[in-house]
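Scroll down for the structure; my scribbles are underneath it.
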Ligand SMILES: [Zn+2]
Ligand SMILES: [Zn+2]
């Protein structure tokens, strides 16, 4: 059905995929192997739309739509969340194919438009319940809350995803595996995710009659709010009808203040992933009684002994409108430094995606290790931590070392030839900075 033509036609289809504006005949495939990786192919469009959002926001409000520290943090979390896919097939697909192969009741035709539209509804319905339960069950919230940890709302936030959430969503799709072919499911799983990219913006205010059916920027702004009226509302993926049907819809009203009710105040990606789990672990052991301990895991994040399942609404912190996002001040050069080095890691990530089938497991692991170390170091630099320079020296040395050994070289990478010069200069810079800092500390003590 769908052809594999390239060029402008393919680019236009990829662009439309971001808005779910694709026809069944353009996106139906006989086998799972034929299904394109629409998410990976969207990376250039993500970048293009982020630049466009910056421009429109500047024209509308004389204000940029994002901050460097928060943006790098969101993109770092986005890269981290996709790294397991480099090594393993997604659990969503593994479990789906297993149920389809062993337990399917009947087969809908993969090329029928009816199957396509039914899967569109089925994937979105499953997403609604997965998303709702991810907010209402503490152990699942620990994974999902990373997406809500930004205090900005822009297209960077769309890419702020959890590593762990990928391992909690699979079970909600399994009923469809009883009758919908995996190739159709794999297409809609990606389109549903891609649709949710463009709705993370403040530059689109209202879409008129479309607001009644579709999940829109306005509806999703409410979902990301920490104002009491926004809590546990608007869980929809592509459609808002599920929220209207199941009573979780709320229209945008007072100015939305974004983020978690208790902000994490960090840009460090590993800490952002693990801190909620540490919190649950501590609460689990601190709460007396076996049933209460189970409730810590399976009731809402606001639950405590004697409280209703989802906690007490009056305990949600009041919004004054004077909330200030976490924004440690750093010198301008450090922002430039972080942007340049993040671009290097993005290049390495895109290159890894393009060459993964040609690389050994050892090389893949080494490259992912360097990426994780780099993103951690950028987080600490953006927080202006005193010891961040030392970690950055170590990171640059490791990067340069494994580059010299040939593990990072690739014909696809456009920055390859400048790596040696760039990293040597950076090591020298951070050694001088660290020495300066330690000398000034010694002087103060004297
Ligand atoms: Zn959510
Ligand atoms: Zn969101």
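Bear in mind these aren't lab numbers, they're just calculated from the coordinates by the rules spelled out. The structure displayed is predicted, hence computed values, not measured ones. In this analysis, Cβ positions are derived from the backbone assuming ideal geometry, glycine residues included, and neighbour counts consider all displayed protein chains.
How large is the convex hull of the Cα atoms of region 264-390 per residue, expressed in Å³ as a whole number?
In region 264-390, the Cα hull volume divided by residue count equals 196 Å³.
Would you mind giving the three semi-axes, in whole Å and largest first, of the ellipsoid equivalent to the chain according to its Cα gyration tensor?
Ellipsoid half-lengths, sorted descending, are 36, 30, 22 Å.
Can you give me the relative contact order of region 68-182 as a percent, contacts being Cα pairs under 8 Å and 6 or more apart?
Reported relative contact order: 53 percent.
For Cα pairs less than 8 Å apart in space and 6+ apart in sequence, what is the mean separation divided by the residue count of the chain, i.e. the relative contact order in percent?
Relative contact order for the chain comes out at 16 percent.
For region 26-43 and region 198-240, what is the centre-to-centre distance using only Cα atoms, to the nearest Å?
Region 26-43 and region 198-240 have Cα centres separated by 27 Å.
State the extension gain, in nm to one decimal, for the chain segment bounded by residue 310 and residue 361, taking 0.36 nm per residue of separation less the distance between their alpha-carbons.
Computed gain between residue 310 and residue 361 is 14.0 nm.
Give me the distance in nm between label points sitting 7 Å out from Cα along the Cα-to-Cβ direction at residue 37 and residue 174, one decimal.
2.7
Calculate log10 I(q)/I(0) of region 332-445 for q = 0.16, 0.20, 0.23 Å⁻¹, where I(q) comes from the Debye formula with a single equal point scatterer on each Cα and nothing for solvent.
For region 332-445 at q = 0.16, 0.20, 0.23 Å⁻¹, log10 I(q)/I(0) is -0.74, -1.09, -1.37.
Relative contact order, percent, of region 1-63 when contacts are C-alpha pairs under 8 Å separated by at least 6 residues?
Values: 22 pairs, mean separation 22.1, N = 63.
35 percent.
Take the alpha carbon gyration tensor of region 7-246, find the square roots of its eigenvalues, order them as a ≥ b ≥ c, and report rounded if a/c is under 1.5; if not, report prolate when a/b exceeds b/c, else oblate.
It is prolate, given that a/c is not under 1.5 and a/b is the larger ratio.
R0 = 22 Å: FRET efficiency of residue 431 with residue 398, Cβ-based, nearest 0.05?
In this case the efficiency is close to 0.90.
Among 87, 77, 260, determine the one that fluctuates most according to a GNM of the chain built with springs between C-alpha atoms less than 10 Å apart.
Residue with maximal mean-square fluctuation among 87, 77, 260: 87.
Give the peptides 302-312, 377-387, 28-38 in descending order of average Cβ contacts within 10 Å, highest first.
Highest mean packing first, the order is 377-387, 28-38, 302-312.
Nearest 0.05, what FRET efficiency do residue 61 and residue 336 give at R0 = 30 Å with Cβ-Cβ as r?
FRET efficiency, residue 61 to residue 336: 0.80.
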